[in-house]
Amino acid sequence: MSKPTFMRLNETWNAEPNAPHEVVAVSGTTVRLEFFLNPWIYEANEGERRVLTFEECSMWRLGATNDEGWYAGQCRYGKTAPAWGEFYELLGDDDQLLGPIDWHKVTPLTPEKRHFLFYLRDNTFECLASEWRLESSISIK
């Protein structure tokens, strides 16, 4: 069994590092994560929001670990993920996938689902889905 590798997906954008004010909305098997963009490093206006949309989602979670816990080694990927605050797809075998107990199950988990992980300021978002895309904010609150 090989350890998972992390492919960074947010090369030209990121969540606001201090207060992304993330919101999750679920509609059927579609999960949306809305957040403020980082206007200080990337091309974005202050107060601009985006939505990560995940299609054909099996499971998702939004919960601890925050940045302090990650740096203290309390995150199950803290020793292997390249950096805090990024959006990744995990590739390869992952024996720690079902470690957290706060998963929200949408449909039965199937092997072809992709594992997405987004380290936000005070939370970690994870999703197992078929596809993802970044969209303009649609105010999912």
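The values are calculated or read from the model by the stated rules, or taken from the named source; none is laboratory data. Bear in mind that the values here come from a model prediction, so they are computed numbers and not experimental data. Every residue, glycine among them, receives a Cβ derived from its backbone with ideal geometry; neighbour counts consider all protein chains shown.
Report, by residue number, each residue of the range 58-82 that is without any contact (Cβ under 8 Å) to a residue 60 or more places away in the chain and either outside any helix (DSSP H, G or I) or closer than 28 Å to P108 by Cα (or both).
Listed by number, the residues that qualify are T65, N66, A72, G73, Q74, C75, R76, G78, K79.
Working only within the range 100-113, note down all residues that are within 16 Å of the chain's Cα centre (by Cα) and farther than 16 Å from T30 by Cα.
P100, D102
Mind counting the residues in the range 23-68 that are crowded, with 18+ Cβ neighbours inside 10 Å, among the small types (G, A, S) and out of contact with any Phe, Trp or Tyr (no Cβ under 8 Å at 6 or more places or on another chain)?
Final tally of qualifying residues: 1.
Which residues, taken from the range 98-138, are surrounded by fewer than 14 Cβ atoms within 10 Å (Cβ to Cβ) and either of a type in the set (D, E, K, R) or touching a Gly at 6+ places or on another chain (Cβ under 7 Å) (or both)?
Correct list: D102, K105, E112, E131, R133, E135.
Quick one: in the range 27-74, of everything that is farther than 15 Å from T124 by Cβ and aliphatic (A, V, I, L, M), which residue is nearest to the chain's Cα centre (by Cα)?
Restricting to residues being farther than 15 Å from T124 by Cβ and aliphatic (A, V, I, L, M), the top hit is V51.
Residue under question is E112, and the condition is that it be free of Cβ contacts under 8 Å to residues at least 40 places away in the same chain and acidic (D, E); does it hold?
yes
Please list, ordered by first then second residue, the pairs with beta carbon atoms under 9 Å, 6 or more apart or interchain, first in the range 6-30 and in a strand (DSSP E or B), second of a type in the set (S, T, N, Q) and crowded, with 16+ Cβ neighbours inside 10 Å.
Pairs found: A15/N38; T30/T53.
Would you say A72 is surrounded by 13 or more Cβ atoms within 10 Å (Cβ to Cβ), modelled with pLDDT under 90, over 17 Å from V23 (Cα atoms) and not charged (D, E, K, R)?
Spelling it out, it is not the case that A72 is surrounded by 13 or more Cβ atoms within 10 Å (Cβ to Cβ), modelled with pLDDT under 90, over 17 Å from V23 (Cα atoms) and not charged (D, E, K, R).
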